[in-house]
Amino acid sequence: MFAPAALLLALAAPRAQASDLELGYVPNPQPGEQPALLVTPNRVVARMDVVIQAGGRTFAFHPTNLPGDKQQRYAWTRDTKVTQATASIHAVFTDGYVEELEVPITYSYAAPLSVSLDDARADVDARTLVVQATAHIDQADITAYGAGKIVLDQRQVEVDQGPGDVTIPWVGDAKDVVLLDVTLHSGDSWSGFTYSPWFLDIPHDDVLFDTDQATIADSEQYKLKHTLEQLQDVLEKYGSVVPVKLYIAGCTDTVGDAAHNRELSGRRARAIAAWLRAHGYDKPIYFYGFGEGLPVVRTGDGVDEARNRRALYLVGANPPPAGSGVPSVSWQALD
């Protein structure tokens, strides 16, 4: 949350009567903006002397004939190493009344902070999450949730990175973490987000297809019925914590042309996705044909290896992360 553009200073006038000067300042000068004192007289001022002391330098202003109820701005040189100043004000009103004030000012050059998850990268093995931030990040508050949104761990960690890529460590046991709730701090600014590094590889019996076909035979449908039951169990356990998505990766052996195998594996993955949708699975489903690219057993070209003719069923709130064994690809959504 950002500080307001100007803060009012609560001041006691040196006399018993209420102050005729309303004061404020810029608490967080934005990029290119100077720090400034803001003065609004409640009535006409004949002459005002404003002296700012900041970083060993003096900035003096001597305006005259200031109208009432109009804000005046007195800015001094921007220096990100200087974040404190003292303002002395001597105002002479048209009726001869004199008001003198001296006020301390503390401000910060914290840049507006925003965080992008568009290219967020989770690494299962390293237990890290990389996001993009628009400012230097000092520290992060991280809460890790497990199934049922149980808090697994909660802590504050030093970051000292950015702007640009910022690497955040996971807290909690990686295999149990379903959702990370993160607040990044940059000076007086902060930005919060949630991200799920969680994914599951659903064990299953692979559907057997006829040669060069992508039609699911009646005799193979019992395998998908069992998978459907497993997916419903996953939704009951994790659906209240994260938006569960299903990713189906089709794979082949090395018999035949590689390009044709990629196309065939994609059609088979889509056929499985369509069957699950038609039989009641109503959460988002994505599919992709990897062809010969994800072998269980590495073979030469043209080898008939049944274990490589398979599909992977992965569930998660985001595409399978690094360390899952599945490359980053442009998954196709099932309509």
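The values are calculated or read from the model by the stated rules, or taken from the named source; none is laboratory data. The structure presented is a predicted model; accordingly, all values stated were derived computationally and were not measured. Positions of Cβ are generated from backbone atoms using ideal geometry, with glycine treated the same way; all protein chains shown enter the neighbour counts.
Assorted remarks:
- The residue that is farthest from the chain's Cα centre (by Cα), among those in segment 1-19 that are in a loop (DSSP other than H, G, I, E, B) and at pLDDT 55 or above, is S19.
- For I248, the requirement of being farther than 30 Å from Y109 by Cα, among the aliphatic types (A, V, I, L, M) and in a strand (DSSP E or B) is met.
- Tallying residues that are in contact with a strand residue (DSSP E or B) (Cβ under 6 Å, 6 or more places away or on another chain) and outside any strand (DSSP E or B) within segment 143-162 yields 2.
- Qualifying residue in segment 290-308 (condition: among the aliphatic types (A, V, I, L, M) and closer than 19 Å to A174 by Cβ): no
- The criterion of at least 3 residues that are in contact (Cβ under 8 Å) with a residue 60 or more places away in the chain is met by the following strands (runs of 3 or more DSSP E) wholly inside segment 20-64: 21-25.
- Residue in segment 111-120 that is within 30 Å of A75 (Cβ to Cβ), of a type in the set (D, E) and in a strand (DSSP E or B) present: no
- Taken over segment 131-146, the residue count meeting the criterion of being within 14 Å of D181 (Cα to Cα) and either basic (K, R) or buried (at least 16 other Cβ atoms within 10 Å of the Cβ) (or both) is 7.
- Residues of segment 148-166 that are under 18 Å from P321 (Cβ atoms) and surrounded by fewer than 16 Cβ atoms within 10 Å (Cβ to Cβ): D165 alone.
- Set side by side, the residues H260, H204 differ, and just one is in contact (Cβ under 8 Å) with a residue 60 or more places away in the chain and closer than 30 Å to D301 by Cα, which is H204.
- Total residues in segment 65-86, condition in a loop (DSSP other than H, G, I, E, B), surrounded by 12 or more Cβ atoms within 10 Å (Cβ to Cβ) and either polar (S, T, N, Q) or outside the structural domain of N28 (by TED's automatic domain parsing) (or both): 2
- A271, sole failed condition from (1) assigned to a helix (DSSP H, G or I); (2) more than 14 Å from A333 (Cα to Cα): (2)
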